[in-house]
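A quick write-up on the structure given underneath.
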Amino acid sequence: QVQLVESGGGLVQAGGSLRLSCAASARTFSRYAMGWFRQAPGKEREFVAAISWSGGSAYYADNVKGRFTISRDSAKNTVYLQMNSLKPEDTAVYHCAAPVNLNYYSDYRKVDYWGQGTQVTVSS
C-alpha cells in the first residue's frame with residue numbers, strides 16, 4: 001500500500017517562505033516520479049511541481065516557476081517543496097502525489113495515490 005504523509009503547512013505572510021515535506025514508503029519513493037498539487041476552495045485541483053524518480057528532472061507550473069523548488073532525499077524517502085515569495089493566491093491545501101506520469105505531469109486525473117494534504121495560508 002502506498003502511503004504519503006505531508007507536513008510543513010501553516011500560516012505565513014505574503015513574501016514569506018514555507019517548506020513542505022512528503023514522506024513516502026521506501027518502495028514508493030524508489031520507483032516513482034512524485035509531485036505536488038494544490039486545491040483552493042471551490043477550485044479544481046491544480047499542478048504545482050513534479051520531480052523524476054532520479055531527481056534529475058523537475059517540472060513547474062508557470063505561476064510558481066522561480067519561486068518554488070521541488071527536491072527529493074533518497075536517504076529519507078522524502079520529497080520537499082520549498083516555497084519562497086509566497087502570495088495570497090498560493091493559499092490552498094497542498095497534496096503530495098505518486099506516481100506522476102511525466103508525460104502528463106500536470107494532469108491530476110492520472111495520479112493514483114494522494115496524501116491527506118497540508119493547509120498553506122498566505123495572508124496579505
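I'm trying to understand the selection: among the residues of region 55-71, which are open to solvent by 40 Å² or more (accessible area, probe 1.4 Å) and either within 17 Å of VAL5 (Cα to Cα) or assigned to a strand (DSSP E or B) (or both)?
If the condition is that a residue be open to solvent by 40 Å² or more (accessible area, probe 1.4 Å) and either within 17 Å of VAL5 (Cα to Cα) or assigned to a strand (DSSP E or B) (or both), then ALA58, TYR59, TYR60, THR69, SER71 are the ones that fit.
Just wondering, is there one or more residues in region 87-97 that are on the phi < 0 side of the Ramachandran plot, open to solvent by less than 20 Å² (accessible area, probe 1.4 Å), in contact with a Gly (Cβ under 6 Å, 6 or more places away or on another chain) and assigned to a loop (DSSP other than H, G, I, E, B)?
Within region 87-97 (the criterion being on the phi < 0 side of the Ramachandran plot, open to solvent by less than 20 Å² (accessible area, probe 1.4 Å), in contact with a Gly (Cβ under 6 Å, 6 or more places away or on another chain) and assigned to a loop (DSSP other than H, G, I, E, B)), the answer is no, since none of the residues qualifies.
Testing ASN103 on (1) in contact (Cβ under 8 Å) with a residue 24 or more places away in the chain; (2) not in a strand (DSSP E or B), one condition comes back false. Which one is that?
Here ASN103 clears every test but (1).
From VAL5, VAL12, grab the single residue that is exposed (fewer than 15 other Cβ atoms within 10 Å of the Cβ), touching a strand residue (DSSP E or B) at 6+ places or on another chain (Cβ under 8 Å) and part of a strand (DSSP E or B).
Numbers: VAL12 fails: exposed (fewer than 15 other Cβ atoms within 10 Å of the Cβ).
Within the list VAL5, VAL12, the selection yields VAL5.
How do the pairs read when you match residues in region 75-87 that are under 13 Å from LEU4 (Cα atoms) with residues anywhere that are open to solvent by less than 60 Å² (accessible area, probe 1.4 Å) and part of a loop (DSSP other than H, G, I, E, B), using Cβ under 8 Å and keeping only pairs 6 or more apart or on different chains?
Pairs found: ASN77/SER25.
Any idea how many residues of region 29-52 are closer than 15 Å to ASN101 by Cβ and surrounded by fewer than 18 Cβ atoms within 10 Å (Cβ to Cβ)?
Of the residues in region 29-52, 2 are closer than 15 Å to ASN101 by Cβ and surrounded by fewer than 18 Cβ atoms within 10 Å (Cβ to Cβ).
The values are calculated or read from the model by the stated rules, or taken from the named source; none is laboratory data. Since the model is a prediction, treat every value here as computed from it, not as a measurement. With ideal geometry, Cβ positions are generated from the backbone for all residues, glycine too; neighbour counts draw on all protein chains shown. We work out accessible area using only protein heavy atoms, side chains counted, and drop any ligands, DNA or RNA first. Shrake-Rupley method; radii C 1.70, N 1.55, O 1.52, S 1.80 Å.
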